[in-house]
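The values are calculated or read from the model by the stated rules, or taken from the named source; none is laboratory data. Small disclaimer: the values here were computed from a predicted structure and weren't measured. So basically every Cβ, Gly included, is an ideal-geometry build from the backbone, and we count neighbours across all protein chains shown.
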């Protein structure tokens, strides 16, 4: 099978990139040809505001490039990972003209929410959900805190609502969890066109020992990721277990200050993936304190692969991934006291923690291996090709 993968790179790499690259890697290993069409957000500086706005709504450049690439070879599927902002939905029309089926992975909530997160002012926000014109996102400058940029994003969404792009031009969508699928259905997407296929971890990093005696956070240091909740919980723990924080982001200064103030908190900054996996394997447990509707939670699945249980906020997809009492524990999102209580409970029950280590590795082997994911992806491709 020959696949054209389409994506727009962000300035900072994250779980979305890792998941996409893992998917492409396993397809190539299984003998499929995967070609890539990509844009990089670093190029945004090359455009004036009017050109960038027009390109976000309908990129003639991307339309022509995709049309040319699809006509040059016999592609079976065009798999769109992300088109925003430089590629634009114009590529769907190019693929339809070429007669190539389209699969779109829903890696965030951009098609329902201008800032793609359903998160504003430190809380979940669904003001734009289900609205034909997502004007609240403009009023609150939800995209990058810029009203003009938010207006362009909202215009792109509205124009393609009018054109029925989301309902008629895409053959099949892939949601990463049942929670995300339900959100898109709630937002007006056709139920029969959305299938669930989770992310996975490839290659398998192997199980760890869990003997490090510390808790671990891995991710972007930002408000929606719950860093304030995490640090507040560690101020309440008596006595606190050591906490290692891996990542960077807007709250880096706050995390650095906490590391100086709290002797049990250590900020490691960004680390290579191999080192992150080693840290996961030796951690007693991973903390996943997000306040927003994660579309998946790849870090949690990486922890599963290492045999490390997860204490996670009971919200969105991450709440769905964790089976409370079996693969980890839930706590109330944004509730530092409840998180501290769950940490103290798990430390007081080492035998239960040991059982959880076995359960999370079994969960990984059942649901999140490359083999399982490849089989699911091929069923999706075969369905749209048929």
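What's the number of the condition residue 297 fails, among (1) surrounded by fewer than 19 Cβ atoms within 10 Å (Cβ to Cβ); (2) at positive phi?
It fails just one condition, (1).
What residue, of 216, 221, is without any contact (Cβ under 8 Å) to a residue 60 or more places away in the chain and buried (at least 17 other Cβ atoms within 10 Å of the Cβ)?
221
Hey, can you tell me all the residues within segment 183-214 that are assigned to a loop (DSSP other than H, G, I, E, B) and farther than 26 Å from residue 21 by Cα?
Listed by number, the residues that qualify are 187, 188, 189, 190, 209, 210, 211, 212, 213, 214.
From the residues in segment 333-353 that are free of Cβ contacts under 8 Å to residues at least 40 places away in the same chain, touching a strand residue (DSSP E or B) at 6+ places or on another chain (Cβ under 9 Å) and farther than 11 Å from residue 312 by Cβ, which one is surrounded by the fewest Cβ atoms within 10 Å (Cβ to Cβ)?
By that ranking, first place goes to 345.
For segment 12-118, which helices (runs of 4 or more DSSP H) that fit wholly inside it have 1 or more residues that are under 28 Å from residue 246 (Cβ atoms) and at pLDDT 95 or above?
Where helices (runs of 4 or more DSSP H) fall fully within segment 12-118 and carry at least 1 residues being under 28 Å from residue 246 (Cβ atoms) and at pLDDT 95 or above, they are 15-29.
Give the residues of segment 298-330 that are touching a residue at least 24 places away in the same chain (Cβ under 8 Å), under 18 Å from residue 123 (Cα atoms) and touching a strand residue (DSSP E or B) at 6+ places or on another chain (Cβ under 7 Å), sorted by residue number.
Selection gives 312, 313, 318, 319.
Looking at (1) part of a helix (DSSP H, G or I); (2) free of Cβ contacts under 8 Å to residues at least 60 places away in the same chain, which one does residue 266 not meet, given that it meets all the others?
Against the list (1) part of a helix (DSSP H, G or I); (2) free of Cβ contacts under 8 Å to residues at least 60 places away in the same chain, residue 266 comes up short only on (1).
Residue 180 - would you say it is surrounded by 21 or more Cβ atoms within 10 Å (Cβ to Cβ) and either assigned to a loop (DSSP other than H, G, I, E, B) or at negative phi (or both)?
yes
Mind telling me which of the residues 266, 282, 275, 235 ends up being assigned by TED's automatic domain parsing to the domain that holds residue 341 and buried (at least 17 other Cβ atoms within 10 Å of the Cβ)?
Just a single option satisfies the conditions, and that option is 282.
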